[in-house]
Structures are given as C-alpha cells and as structure tokens.
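J.: Quick one: this structure, given as structure tokens, is what I'll be asking you about.
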Amino acid sequence: MYSRQHFDEALDALNQEVLTMGTLVEEALRNAVKALVDKDIDLADRVIQGDTDIDRQQLDIEDTCTVLIAKEQPVASDLRQLVATLNVLGDLERIGDQAVHIAEVMKRLYGEPYMKPLIDIPRMAVIAEGMIHDALTAFVEQDPEAARSVAGRDDQLDALHAQVLRELLTYMMEDPAKISQGINFLFLSRWLERTGDHVTNICERTVFLATGKHVTF
Amino acid sequence: MEEQPSKFRIKDLDLFYGDNQALKDVTLEVRSHRVTALIGPSGCGKSTFIRTLNRMNDLIDHVRITGDVLYEGVNIYADYDVIELRKRIGMVFQKPNPFPMSIYENIAYGPKIHGITSKSLLDDLVENSLKAAALWEEVSDRLHKPALGLSGGQQQRLCIARVLAVEPDVVLMDEPTSALDPISTSRIEELIFELKKKYTIIIVTHNMQQAGRVSDTTAFFLNGVVVEYGDTEKIFFNPEDSRTEAYISGRFG
C-alpha cells in the first residue's frame, strides 16, 4: 500500500541539505571565534567570504521547499516540515551573520593587545556550536523532547553573557581607555548570546513540526 | 468546532448489503449551512453513507440499515415521506445526467412534478435556478435547445440548477467534478461557496485538495468506519489519527 516514496526521499534529501547548511554555520562560528583568539586575520577573511555560500545555500533550500510545495501539494506533517524548514533557514542564516560580525570585530581589533585573556567568549562559542548541532539533529529526527532539552541550554549562554558584561564593566570603569575595546567585546558576547536565541527558535519549530503546536521556550 | 445547528444527526448507523457490512457504527453530526466533505479510499463507504441521507439505498435490494438518521430531528427511516425527503435533499452525481430534453425542460421538470403549472412561475424558477448555478449567462439565449448539447461542465451546473429548482434544503454531491476539466471544476467549487450561504452541502470527493479547498468539515472513512471527523483545517494541518495523515498525504489509498 506504500506510495509517495519519491516524495519521502525528497523530504529526506531536504533534511540532509539543512544539516549541511548547519555544518557550514557551525564552522563559521567556530572559525570566527578561533580567528579572534588566535589573531588569525586570514581565517577571519575566510569566514567573511564563506558567508556567501551560506546565503546561497539558504536560497537554494528555500527554492527546494517552494518547488516541493508547488509540485507535491503537501498536507499535515509534510507541510509542517516544509514550513518549519523555511523558518529554520532564516535562523541559520542569521547565525551565519553573527559569525561574520565576530570576524569583522576581530579585524577591527587586529594589532591591538587584548585587555584580558579571552575565556568566557570561547566557552560561549563552544556551547552555541553544540546547541546548533543538537538542535538540527532534533529537527531532522522530529524529536520534540530533544529540542526542549537543547533549548534549556540557552540559560548557560545567558548566564555567561551576564558574567562577561559584569566583568567588562569593571575593566571599563577602572580604565576609560579600555572602553573602546570593551564595547567590542561586549558585542561579541551579545552576538553569541543571540545565537542561542536563534537556536531556541529552531527548537520551537521542531516542536511545531512534530506536534502541530506552537510553543515558546 | 464552531457552533452551528446540526442538520443531520447520525447515530450508531450500520448498513449491510446482504452479509457485507458497508457502514459500521457511524455517528456524526452534519452542521447546517456548512460544506461537509467525505473522503476515503474507494469502497470505504462514503458514497453508501451519502446515499443513506436521502434514502437512495432504498432502491437497492438486500440493504439493511440499523441506527438513526435524524434530519432536523426526525428519523427519515421511520417518519418520512420519501418523495418529500428527496425534494428537501437533492443530489448531484459524478457524471452529469441531464434529461434528453431542452435546458428549460430539465429545470422545469421537477417543479412541474411537484405541482407548479404557472408559466410565469416556471420561467422565474428556471431563470433563478440557472443564475444560482452560475449558468444563466451562458444559456439564456438557448433555453429551448437540447441540454445534451452543453459541455460537460455546463451539464453538471445544469444538474445543480435542476436540484435547486425544487428548492431543496440540503444538496448532496457525489464526486461532482470527477468527470470535469480543471476550469469546470473550479467553477463548481466557486459555486459551492455561493450555495452554502443558502444550503447545507455534503460532498464526496477523491480529490484531497478539493476537500481542503471547499469544505468546512471533513469526515475520513475507512472500511465503513469514520476514522476521524472534524474541522477541515485541523484534518489537513494536524490530523489526530495516523491513518488519516497517511491517507490525506497520499501514503495509501
């Protein structure tokens, strides 16, 4: 009685494309922070250039979704998968942009000695990358429980961001000459914290996909 | 579900063709002035079900029915004059079946049988029915030409006009567009939107997109059982039953 094998294969292939885009985004974030820590300006340039690929991939996958909607006229969970994918693409693309912002700050700071060793910002990056990876796994496996658990990790990013903010404030109050660099670091922390919010959106879409219900984490 | 008075209440309905049970314990309410779609694979009982609503199954031998079919609160299998019932509950079939007479006579036939003889009254009925079926403009200059000269889509709208001419309350449609091209199909669908203001409509369709487009409520039949019944939006967005999901998304049937 089984039919629509072709369509099921297309939906699986779509998930693979989303995972591939997710891998690019994770790498961009990891490399942006690595460039910052290692003061590697070439790596920062590669992150900035690589964003074009992420943007193109977003549009390609979007077109795939649109064509599947037009040709296959999906309903129920098939339709929810396509709608959720379109939303997830937007969040992934935004995370890619955060990586570019980080790489640009790295270039702006290039040549300056850092006012303090970078500890919390690389930790935030590791947490954010892990969240992106696990959130996309939950998404393609349509696993709402896993999604809920990943979204819970956003609290760690929020806490680290608050900690970085407090610490930078003390440095800047002590020495106004550090304000310029301090503000740049503050933005870095803020973008990594925002990454967690985008991942949380992906987790919410996963619950929608699996259950048809909208939740807010 | 939005509150609407119910037009039909069907309770514990079983229907047998000889030893073969075609409907099993069907219980549902059809709301007034709404379009209810009946979907399901061939042989699932949806056409049998729609035919119980105006007792078309009476014409078939060895049919046995138990349970209640209440139309406006009255059990149509106990207390109803069948002729009156079928006047109140009209039916449009899969294949357009105009009578081999003129367009005018096709429409006037029913009202005449029900005793209307005044020429001006019949003229008005013919015009109003053809207008309500969105056919008037295409045929007003050839009312006395043979109905069989019309295109398939026009013939089907003529059949709808013929139903409307006896001033029914409910219109049953058994796959009304399955023999029509896409343009004719979409005209019938637009017509359904208009008709539901005045009538209660129940439509059997094999076309999922059509059920999604035209109906307010959908019932999914499988092997004579109503698997799921509810708002069309809910059925097509997030059905409760995995068999409903499999059927509407084309995984079986």
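The values are calculated or read from the model by the stated rules, or taken from the named source; none is laboratory data. Because the structure is predicted, anything quoted here is derived from the model rather than measured. Cβ sites come from the backbone with ideal geometry, for glycine too, and all protein chains shown count toward neighbours. Accessible surface is based on the protein model in full, side chains and every heavy atom, while ligands, DNA and RNA are left aside. Shrake-Rupley method; radii C 1.70, N 1.55, O 1.52, S 1.80 Å.
J.: Suppose we filter segment B:223-240 for residues that are open to solvent by 10 Å² or more (accessible area, probe 1.4 Å) and within 12 Å of chain A (Cβ to nearest Cβ); how many remain?
T.: 8
Listed here are the residues, each with its yes/no results for (1) of a type outside the set (A, V, I, L, M, F, W, C); (2) under 15 Å from the mean Cα position of the chain (by Cα).
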position	(1), (2)
A:LEU68	no, no
A:SER77	yes, no
A:ARG80	yes, no
A:VAL83	no, no
A:VAL88	no, yes
A:ILE95	no, yes
A:ILE102	no, yes
A:GLY111	yes, no
A:TYR114	yes, no
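J.: Which one of these is buried (at least 20 other Cβ atoms within 10 Å of the Cβ), touching a helix residue (DSSP H, G or I) at 6+ places or on another chain (Cβ under 8 Å) and either in contact (Cβ under 8 Å) with a residue 12 or more places away in the chain or farther than 26 Å from B:LEU28 by Cβ (or both): B:LEU148, B:LEU172?
T.: From the options B:LEU148, B:LEU172, the qualifying one is B:LEU172.
J.: Still on this model: Right, A:ALA177: hydrophobic (A, V, I, L, M, F, W, C) and surrounded by 21 or more Cβ atoms within 10 Å (Cβ to Cβ) or not?
T.: No, not satisfied.
J.: Further, regarding this structure: Got at least one residue in segment B:195-204 being surrounded by fewer than 19 Cβ atoms within 10 Å (Cβ to Cβ), within 14 Å of another protein chain (Cβ to nearest Cβ) and either farther than 30 Å from A:GLU9 by Cβ or at pLDDT below 95 (or both)?
T.: no
J.: Just to be sure I understand the filter: pairs with C-beta atoms under 7 Å, separated by 6 or more residues or on different chains, first member in segment A:74-85 and facing chain B (nearest Cβ under 7 Å) and among the hydroxyl-bearing types (Ser, Thr, Tyr), second member in a helix (DSSP H, G or I) and open to solvent by 10 Å² or more (accessible area, probe 1.4 Å). Which pairs pass?
T.: A:SER77/B:GLU245
J.: Further question on the same structure: Conditions: (1) under 16 Å from the mean Cα position of the chain (by Cα); (2) part of a loop (DSSP other than H, G, I, E, B); (3) within 14 Å of another protein chain (Cβ to nearest Cβ). B:PHE252 meets all but one. Number of the miss?
T.: (1)
J.: Go over the candidates A:LEU109, A:LEU157, A:LEU168 one by one and state the one that is of a type outside the set (Gly, Ala, Ser), free of Cβ contacts under 8 Å to residues at least 40 places away in the same chain and farther than 27 Å from A:THR23 by Cβ.
T.: From the options A:LEU109, A:LEU157, A:LEU168, the qualifying one is A:LEU168.
J.: Evaluate segment A:104-112: report whether one residue or more is open to solvent by 10 Å² or more (accessible area, probe 1.4 Å), away from chain B (no Cβ under 14 Å) and among the acidic types (Asp, Glu).
T.: Checking segment A:104-112: at least one residue is open to solvent by 10 Å² or more (accessible area, probe 1.4 Å), away from chain B (no Cβ under 14 Å) and among the acidic types (Asp, Glu).
J.: Which condition breaks for B:ARG213 when tested against (1) within 12 Å of chain A (Cβ to nearest Cβ); (2) over 23 Å from B:ASP12 (Cβ atoms); (3) open to solvent by 40 Å² or more (accessible area, probe 1.4 Å); (4) outside any helix (DSSP H, G or I)?
T.: Of (1) within 12 Å of chain A (Cβ to nearest Cβ); (2) over 23 Å from B:ASP12 (Cβ atoms); (3) open to solvent by 40 Å² or more (accessible area, probe 1.4 Å); (4) outside any helix (DSSP H, G or I), only one is false for B:ARG213: (4).
J.: Counting just the residues of segment A:186-217 that are assigned to a loop (DSSP other than H, G, I, E, B) and more than 16 Å from A:LEU82 (Cβ to Cβ), which one comes out nearest to the other protein chains (Cβ to nearest Cβ)?
T.: A:LYS213
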